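The values are calculated or read from the model by the stated rules, or taken from the named source; none is laboratory data. Please read these numbers as outputs of a predicted model, since none were measured by experiment. Methodologically, a virtual Cβ is constructed for each residue, glycine included, from the backbone with ideal geometry; neighbour enumeration extends over all protein chains shown. When the accessible area is computed, the model is the full protein with side chains, heavy atoms only, and any ligands, DNA or RNA have been set aside. Shrake-Rupley method; radii C 1.70, N 1.55, O 1.52, S 1.80 Å.
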Amino acid sequence: MTNSDDEKQNFGVIYQGTLGTFSGVFTPSILTILGIILFLRLGYVVGNAGLAQTLIIIGLANAISILTSFSLSAIATNLKVKGGGDYYLISRTLGVEFGGAIGIVLFLAQSVSIAFYCIGFGEALTGILPQSTKVSPQIIAALAVAFLFIFVWLGTDWATRFQYLVMATLVAALISFFIGGFAKWDNTILIQNWTSSPSAPDFWILFAIFFPAVTGFTQGVSMSGDLKDPGKSLPMGTFMAVGISILIYFGAAVVFAAVLPNSVLTGDYGSMKQVAVISFLIHVGVIAATLSSAMASFLGAPRILQSLAGDRIFPFLLPFAKGYGDAGNPRRGVLLSAGIAFATIALGRLNLIAQIVSMFFLISYGLLNYATHYEARTSSPSFRPTFRWFDARLSLLGWLACLGAMLAIDLKAGAVAIAVLFAIYQYLRRTAGPARWADSRRSYHLQQVRENLLAVASEPEHPRDWRPQILAFSNHPIKRERLLRFASWIEGGSGFTTVVHILEGEGVQMLKPRSEAEAELQKDIAEKGLKAFPLVLVAPSVYVGVQSLVQASGLGPIRANTVILNWMGQLHKGIIGLSETRYARSLRTVFRFGCNIVILDAKDQAWDVPDSVPSKEKTIDVWWWGDDSTSRLMLLLAHLMTRNEAWDEATIRVLAVEDKKGPEDRMSVLQKTLQEVRIAAKAEIVESATGDSIIAHSSQSDLVFLPFRLRANHLAGPFEMPLAELVSELPTVAFVLAAEDIDLEAEPEEGKAGELAAAMDALADAEKRVQKAKEEAIKAAEEAEEKTKELDSAVVSGADEELMSKVKDTIKSKKEAEKASRRAAKALAKAEDAAREAEALGAIPDKQRDENTEPSDAEKTKDSK
């Protein structure tokens, strides 16, 4: 077989993995975790931080790995994980922008890790070699990279065979260490090493030095494309590796603290060999562990790059998508990773490299946690992870823990790392083409829409919240573009526009025309770059379609309130027809169902002129027809147009006809109105309201808003003028008729909110009066009862004068009690009316109202007396 036969393009080709849980996830993960930090830096951390703080450091670091493992297990069991590991999971959840950014960061982190582990190998080997043959650890590290390069170039099979030998060596080294530790245990040394050293580095510096120890748990994820069953192997293998490594690290830290004095721990990176029974096994374990960790990173980094390149996010990375052999070995990525590793080795400072690696991995873990929380937050029916111990709050906690650790380790480095990530994100937002996969963003947005719609529906409507929700009727592609662009202008970035195409017909034979019409609408919207929703409606007649649509359009509290369409002379046959009677009849239906109407007359020549005119030279005319809803709506639409870049500096002129009080008084009122509604416009008074006057004042304007009325089955222009007389002589015109009250001066206390507050206040006052009336009635009843007793005593004593006096007092007291009882009953009735009114406005339910107004049993007994 030729070399060309062996080479395969990895552009979208899926290779069937062969590795299981033990060989593909657990072994590479635990071999990376139990590596250079365990053998060469754990003793240093214990000596400086003390055993107490070391246990905290181990606990915090592993808390991040445990939380991230929960997120990883959830998302890995929710979709089929392919090549790319963390990058694949994040990109398929948060989208191409975050995916591309984290893919680059992960590739760099893994590539830098190769150098990190190889420098550790160099330090370990330097300690073994005789003094006379001392070689720089950097030179040994570079030779190690070159050695590992050969194995990685050949593929994963060679690495898989090698890792079992490493596992056996590592187990032997740890057994030797723990046996020696228990044999040399000294409680006195343990107590001395409990606290930190006086000259110890900062806690978070030590944390940063230790943290790379726990980063190896993602090695199995990086090899996801080579796994036989990623959904099963990733959770099981990851948790096994993390759990066993936690026990080993806690145990090793305690042994270090109980065997070696502080001076040895802080001064000798290779102090583990002083504890072990067979010190040579520690040297062999260090060499094996560091090389295996470097091998795992060397295998993972090129595969992340290959997956990233295969997704075509960065065009310049496309050559790295090429794979070789049946398994698609990413040899080009191997070359780049080796180059980065050689460059990193040139730095030569292991602790500094450890901080860099920590920052890169913390970013990737944080985003993995956030991606899982984001996916769960969507409440999408497709989010069905088989991992049952997942909780979205754990993922959120993991994300916050990673962010906090980044800032605590190095605030500046953390800020720079986050800035780099978001810089790549912003770059991809502007350059990335359409997504090549479905991520979770749409599900998230749908969930947000649901929650926000429910929130809006639970709040009372207010005039201040009004915004145009537009139905744009258009069947003609040429006229549709103008209608939709005009709709986007008057929408002002605050509402929604739905472009409607009504097809007349019935039955299944209309399915194909409906699909074709919808595709045409979507194409027009996309080509013109407009923000609108397409809607094709099939109805027996256009009239029935319009009637049904204005009632049913919208969702929950978001209902259509404005209809725009072309002037009837420009309508394409099939929308409403060319008949003015049919046209007006349909408009009357729209008006009766509470929708405002805007009719656009956009002539070819007049429409094209504003595009060549600077915004500050444009003029929008609003013909003021008294202080009515239509005039206020026209003024508001003109103002919303100035939010668009094409009209942002345009001049709005409000033209009003002179009334009987004279032009000065009319001007004063109009200027005051404009000031109160806070709309920048220039007021002008026109002497007469004739067609010639309107044409004379507005023929040179760029857009004219004119009011109209429906008279029988005809359209009447301003001041009862036929519209046809104005259309031909004016530029682009928008005829407007308001079907609802447009209050431009609404105060926060007005509307339903104010009515509800007033009703609640009235109810509270009524309840107070009820309570006061009940108290008075009870008091009066008690007095009447007391007088009755006194009367009985007077009857027994036989004193006539006293008897007569008591009779009068008793009669008077009973009358007062009856009056108080009636006042209480009236107050209770008024309170019930107030409660019903408040309830109608959405204040309180029936049960609560009854509890507030129903008298107690004791009060009923008193009243009956």
_Relative contact order of the range 602-725, pairs being alpha-carbon contacts under 8 Å that are 6 or more residues apart, as %_ = 28
*Output the peptides 447-455, 333-341 sorted from most to least packed, where packing is the average of other Cβ atoms within 10 Å over each peptide's residues.*
333-341, 447-455
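Could you order Arg41, Arg582 so the one with the most accessible surface comes first? Probe is 1.4 Å. Could you put the intermediate results ahead of the total?
On the way: Arg41 5, Arg582 95 Å².
These residues rank, largest area first, as Arg582, Arg41.
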*Using θ = phi - 60° and Karplus 6.51 cos²θ - 1.76 cosθ + 1.60, couplings along the range 28-40 (whole Hz; Gly, Pro as x)*: x, 5, 6, 5, 6, 5, 8, x, 4, 5, 4, 7, 10
*Report, in degrees rounded to the nearest 10, the 0 to 90 angle that the Cα long axis of helix 663-677 makes with the longest principal axis of the chain.*
30
_Sequence-distant residues sharing a close amide H with Asn329 (under 5 Å, placed H)_ = Tyr324
*asked:* Over the chain, what is the relative contact order in percent, taking alpha-carbon pairs closer than 8 angstrom and at least six residues apart?
replied: 13
_Karplus (6.51, -1.76, 1.60) ³J(HN,Hα), θ = phi - 60°, over the range 441-456, in Hz, Gly and Pro reported as x_ = 5, 5, 4, 4, 5, 4, 5, 5, 4, 4, 5, 5, 5, 5, 5, 5
*At R0 = 60 Å, FRET efficiency that the Cβ-Cβ distance of Arg450 and Ala146 yields, to 0.05*: 0.60
_Can you give me the convex hull volume of the Cα atoms of the chain, divided per residue and expressed in Å³?_
316
*Using a Förster distance of 51 angstrom, determine the FRET efficiency expected from the C-beta separation of Arg430 and Ser458, and round it to 0.05.*
0.85
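Percent of accessible area on the chain owned by carbon and sulfur, 1.4 Å probe? Please list the in-between numbers first.
Numbers: 22360 of 39530 Å².
Its accessible area is 57 percent carbon and sulfur atoms.
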*Once phi is turned into ³J(HN,Hα) by the Karplus curve 6.51 cos²θ - 1.76 cosθ + 1.60 with θ = phi - 60°, what whole-Hz value does each residue of the range 240-246 show in order, with x for glycine and proline?*
4, 5, 5, x, 5, 5, 4
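How much length would be gained if the chain were fully extended between Ile56 and Ser612, taking 0.36 nm per residue of separation minus their Cα-Cα distance, in nm to one decimal? Provide the component values of the computation, followed by the final result.
On the way: separation 556, 0.36 × 556 = 200.16 nm, distance 6.86 nm.
Net length gain for the segment: 193.3 nm.
Given a Förster distance of 35 Å, report the FRET efficiency between Arg467 and Gln509 from their Cβ-Cβ distance, rounded to the nearest 0.05. Walk me through the numbers on the way to the answer.
Numbers: r = 39 Å, r/R0 = 1.11.
Here the calculated transfer efficiency is 0.35.
Report the extension gain between Lys768 and Phe533 in nm, rounded to one decimal, defined as 0.36 nm multiplied by the number of residues separating them, less their alpha carbon distance. Each step should come with its number before you reach the end.
Numbers: separation 235, 0.36 × 235 = 84.60 nm, distance 5.30 nm.
Computed gain between Lys768 and Phe533 is 79.3 nm.
Determine the percent antiparallel among the DSSP beta bridges restricted to the chain, to the nearest 5.
Values: 15 of 55 bridges.
Once the DSSP bridges in the chain are tallied, antiparallel ones form about 25 percent.
Which order do Ser629, Ser515 take by accessible area at a 1.4 Å probe, largest first? Could you put the intermediate results ahead of the total?
Details: Ser629 25, Ser515 70 Å².
The most accessible residue leads, giving Ser515, Ser629.
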*Residue-normalised accessible area of the chain, given per residue in Å² at a 1.4 Å probe*: 46
*For the range 89-180, which trypsin sites (Lys or Arg not before Pro) are in a loop by DSSP, counting at most 11 other Cβ atoms within 10 Å?*
Lys134
*Expressed in whole Å with the largest first, what are the equivalent ellipsoid semi-axes of the range 146-231 derived from the C-alpha gyration tensor as the square root of 5 times each eigenvalue?*
36, 20, 13
*Past 22 Å, Cα to Cα, is the threshold; run Lys134/Lys184; Lys82/Lys228; Lys774/Lys826; Lys531/Lys618; Lys479/Lys682 against it and keep the listed order.*
Lys134/Lys184; Lys531/Lys618; Lys479/Lys682
*Name the longest site-free stretch of the chain, where the excluded sites are chymotrypsin sites (Phe, Trp or Tyr not before Pro) in a DSSP loop with no more than 14 other beta-carbon atoms within 10 Å.*
438-865
